[in-house]
1. So for each of 355-367, 313-325, 288-300, 74-86 I average, over its residues, the number of other beta carbons within 10 Å; can you give me the resulting order with the highest mean first?
2. Give the cross-link partners of Lys135 among the lysines, using a straight C-alpha distance below 21 Å as the criterion and excluding same-chain residues fewer than 8 apart.
3. What net charge do the residues around Gly372 carry, taking every other residue with its C-beta under 13 Å from that of Gly372, with Lys and Arg at +1 and Asp and Glu at -1?
4. Under the Kirkwood approximation applied to all pairs of distinct alpha-carbon atoms, what is the hydrodynamic radius of region 3-126 in Å?
5. All other residues with a Cβ under 14 Å from the Cβ of Pro30 taken together, and with Lys, Arg as +1 and Asp, Glu as -1, what is their net charge?
6. Each residue of region 238-243 in turn: what ³J(HN,Hα) in whole Hz from Karplus with 6.51, -1.76, 1.60 and θ = phi - 60°, glycine and Pro shown as x?
7. Counting Lys +1, Arg +1, Asp -1, Glu -1, what net charge surrounds Ile103 among other residues with beta carbon under 9 Å of its beta carbon?
Amino acid sequence: MTSSIAAAVAQKLHMTILDMLDSLIIVFDPQGHIVGFNRASERASGYSFEEIYGRHYTFLAAPEEHERSKALTARLRELPTTQPEFVPHEGIWLTRDGERRLIEWSTTALFDEEGNVSYFIGAGVDVTARRQMEKELAEANRQLAQAKEAERLRLAQGLHDDAVQQLLGISYQLADMQRRATESRRWSAEQRLEELIPGLEVVRSDIITVAQSLRRLISSLRPPGLREMGLAEILEVYVAEWQRGAGRTGPSIHMDLSSLNSPPPDGEQLAEGRQLPAGIQLPEAVATCIFRLVQEGIWNAHKHASAATVTVKLRHNGDEVVLQIKDDGCGFTIPRHLFQFAAAGRFGFIGMQERVHAVDGILSIWSESGQGTEIQARIPLKDV
């Protein structure tokens, strides 16, 4: 085999290897003309190797990148000639379709025996989607933090406007009763009691009002009676109260909680090999998560989907519990990533995802315009 044939075979072998890589590979000569361009680069740019061969590397670069690219080339020429040293940098490619793609590069120079540059070689990764996702996630986290702060403010205002003001009112009433009792020294004990009884009844009524206000506030923070009554009964009570409150404007809600109210099928086992108990008792964190998911699912179906029917089904499946919430509402187009709901100000699904992830579960959402919505949460029963 002659040296020219061997060189051609070696070059073809090298290009075949480069074409197998997912990374973008670009090779250009000392004058900046492209002489190597693998398949990944073709896919990312929209140009074939034949179209790009011989063009200056700045042909692909965004205009604002040209001066930076020249400075990078000058820096590469100053690299040590004894062993390759890679320089990390970022650059924007303009594709055939005019799309801007952000590429993370690692570039080096290859030198000949005399110390002159033979080639520049760059290996890159298209990070456009990742950076956009990071940007959207950061924005979602910012908006979620604002929503949480708004919720804290709501709770603080609720305490201040209701409970605190009512307690201050009770304090003023007691102070007034104390003053009147002290000033009425000429009265007999029976007369004083008759004077104070009406005021005490008012105070008693106000204290009951404060207790009811605090109970409502506590309910918004934690499902009441969950530990004492169990998830199934609390859900049934909640749905019954919700439907009474919504009246004819709310959807009809159908629940299947048979897995929580009846013994499991014979022989069904947990992952650890233990028999599932009749009327399975879920860990409190899991039960709270499920309760909140049902709350949010019903509210979304009513407020956003205008659903006529909502079906809630809860079942155990070996070593996990599966919650399904399905409605026949208007449906919607699901964004590529759940955190994009934050951009539309819809934090309910974000909150659902956070709750499910907190108990090591997986949340899935299916929806289509005009086809309703189905939410599924799969939560492991590690602590049952």
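Bear in mind these aren't lab numbers, they're just calculated from the coordinates by the rules spelled out. Bear in mind that the values here come from a model prediction, so they are computed numbers and not experimental data. Virtual Cβ from ideal backbone geometry, glycine too; neighbours counted across all protein chains shown.
1. On the way: 355-367: 16.7, 313-325: 18.4, 288-300: 21.1, 74-86: 12.3.
The packing order, highest mean first, is 288-300, 313-325, 355-367, 74-86.
2. Lys148
3. Working: positive: Lys326; negative: Asp327, Asp328, Glu368, Glu374.
For residues surrounding Gly372, the net value is -3.
4. Details: mean 1/r = 0.0668 Å⁻¹.
When all Cα pairs of region 3-126 are included, the Kirkwood radius is 15.0 Å.
5. On the way: positive: Lys70, Arg77; negative: Asp29, Glu78, Asp112, Glu114.
Taking every Cβ under 14 Å from that of Pro30, the sum is -2.
6. Couplings: 4, 4, 4, 5, 5, 5 Hz.
7. Working: positive: Arg101; negative: Glu90, Glu104, Asp126.
Here the count lands on -2.
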